[in-house]
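J.: For reference, the structure I am asking about is given below.
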Amino acid sequence: MSFTETEERQALRKAVTELGRKYGHEYTLKAARSGGHTTELWNEAGKLGYLGVNVPEEFGGGGGGIGDLAAVCEELGATGTGLLQMVVSPAICATIMARFGTDDQKQRWLPGFADGSVRMAFAITEPDAGSNAHKLTTTARRDGEGWILNGRKVYISCMDESQAVLVVGRTEDAKTGKLKPALFIVPTDAPGLEFQRIEMDVVSPDYQFSVFIDDVRLPADALVGSEDAALMQLFAGLNPERIMASAFAIGMGRFALDKAVEYAKTRTVWKEPIGAHQAVAHPLAQAKIELELAKLMTQKAAALYDAGDDMAAGEAANMAKFAAGEAVVKAVDAAVQTHGGNGLASEYGLGALVAASRLTRIAPVSREMILNFVAQFSLGLPKSY
Ligand SMILES: Cc1cc2nc3c(=O)[nH]c(=O)nc-3n(C[C@H](O)[C@H](O)[C@H](O)COP(=O)(O)OP(=O)(O)OC[C@H]3O[C@@H](n4cnc5c(N)ncnc54)[C@H](O)[C@@H]3O)c2cc1C
């Protein structure tokens, strides 16, 4: 067991930091506040290969693992330029495609994931099935060789920036009862598919959408993987998502903490800079500890996942996501407090992180559902719901 990342991973972190600094938090904030996107950053990160580090080499990717992708996600976040869609497109969609796609599907999609030119949203949440995926009602009916898909999804990130969306539904044969998911690639311009932006109070250049799926005709090869592999295939994508959500949160927390530390070293209202007061220093020290602990768990989850231990990775990914969500909320709060009134001034950009950091306690899986998972599976306690 090693607690030092490989030289390659460290070099990757350094290179990504340079890219993030080139754009900076101002760039992301400006895009978010003007209703724009951070497409230039996405494209450049893609061209440099950072968004495809986990895609197999034979398809033009870096041949690394989810640990490498998480490092990219974290370092961009730490420069204030986090890319939310990294949590979905390369982490869930590319992973599921690489593990369960047919040869044709791999040839069709993976090179685009490797250089970031393909962006794919991911849609599992429904209005009546958020935390309880067993209540999903999006259903695919056979239509000759192909399928006809109907359903409704909510809070689907980045639909407007994506060429396709990976939709989690059921087949008509498995329409009720425990979820037996079937995954479909749906082009975002498919007839019958519409999406509408949900206004959010999160300052972010990545937007959320309601998705309406009405009699969308799909070819046979829209189905990824098998109809029968059920939850295993889905979780092959959801565990990387949790690892990436942790990395995203840790990056954001590091960014806020760095700003706060810099401010605490220079802002002087008495004799010494405010960082000399323990009331200011201790919350920052605590944030540092909690972010480091969350990072360690994220690295463990990624290492287990990359070693092929899906079961152990699942438990660790849940714990990492929980820890990272709690840590980033505290780090951002401490950073705002350290800045006093400036903490909520637009110029400092920290107020913008308050709702964004809060998000990681809700999505992609809420802290309560993680506590349920740990109580039930790690501790063997009875299930209450
Ligand atoms: C900004 C943003 C981006 C998102 N992006 C995507 C995306 O790209 N794709 C996608 O599919 N989804 C996405 N989501 C949806 C997200 O995954 C869900 O919001 C989340 O899973 C919670 O589901 P819900 O909102 O329906 O809450 P609900 O399931 O209604 O839960 C509400 C509250 O009740 C609690 N609760 C529910 N059941 C239990 C229980 N048994 N025990 C204890 N507490 C319980 C929950 O923890 C939560 O606090 C996004 C959400 C947001 C806010």
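J.: Report yes if some residue within the range 252-260 is free of Cβ contacts under 8 Å to residues at least 12 places away in the same chain, over 29 Å from Arg108 (Cα atoms), surrounded by 14 or more Cβ atoms within 10 Å (Cβ to Cβ) and of a type outside the set (D, E, K, R); otherwise report no.
T.: no
J.: Give the residues of the range 179-219 that are part of a loop (DSSP other than H, G, I, E, B), within 15 Å of the ligand (Cβ to nearest atom) and under 16 Å from Ala121 (Cβ atoms), sorted by residue number.
T.: Residues satisfying the conditions are Thr188, Met200, Ser204, Pro205, Asp206, Tyr207.
J.: Just checking, which of Leu304, Leu284 is buried (at least 18 other Cβ atoms within 10 Å of the Cβ), over 22 Å from Thr17 (Cβ atoms) and among the hydrophobic types (A, V, I, L, M, F, W, C)?
T.: Step by step, each of Leu304, Leu284 is checked, and only Leu304 is buried (at least 18 other Cβ atoms within 10 Å of the Cβ), over 22 Å from Thr17 (Cβ atoms) and among the hydrophobic types (A, V, I, L, M, F, W, C).
J.: Same structure again: Kindly list the number of the only condition in (1) out of contact with any strand residue (DSSP E or B) (no Cβ under 8 Å at 6 or more places or on another chain); (2) more than 12 Å from the ligand (Cβ to nearest atom); (3) in contact (Cβ under 8 Å) with a residue 12 or more places away in the chain that fails for Thr176.
T.: In the conditions (1) out of contact with any strand residue (DSSP E or B) (no Cβ under 8 Å at 6 or more places or on another chain); (2) more than 12 Å from the ligand (Cβ to nearest atom); (3) in contact (Cβ under 8 Å) with a residue 12 or more places away in the chain, Thr176 misses (3) alone.
J.: Under 7 Å between Cβ atoms, at least 6 apart or on separate chains: pull out the pairs that start in the range 352-365 with a residue that is assigned to a loop (DSSP other than H, G, I, E, B) and end on any residue that is within 10 Å of the ligand (Cβ to nearest atom) and among the charged types (D, E, K, R).
T.: That search, which allows pairs on different chains as well, returns Arg361/Arg367; Pro364/Glu241.
J.: Taking only the range 179-238 into account, find how many residues are over 23 Å from Gly101 (Cα atoms) and acidic (Asp, Glu).
T.: 6
J.: Hey, another quick one. Could you grab me the full set of residues in the range 261-281 that are of a type in the set (Val, Ile, Thr), assigned to a helix (DSSP H, G or I) and open to solvent by 70 Å² or more (accessible area, probe 1.4 Å)?
T.: Answer for the range 261-281, where residues must be of a type in the set (Val, Ile, Thr), assigned to a helix (DSSP H, G or I) and open to solvent by 70 Å² or more (accessible area, probe 1.4 Å): just Thr266.
The values are calculated or read from the model by the stated rules, or taken from the named source; none is laboratory data. Only a predicted model underlies this, so the values are computations on that prediction, with no experimental measurement involved. Cβ coordinates were reconstructed from backbone atoms using ideal geometry, including for glycine residues, and neighbour counts include every protein chain displayed. Accessible surface areas use protein heavy atoms only, side chains included; no ligands, DNA or RNA. Shrake-Rupley method; radii C 1.70, N 1.55, O 1.52, S 1.80 Å.
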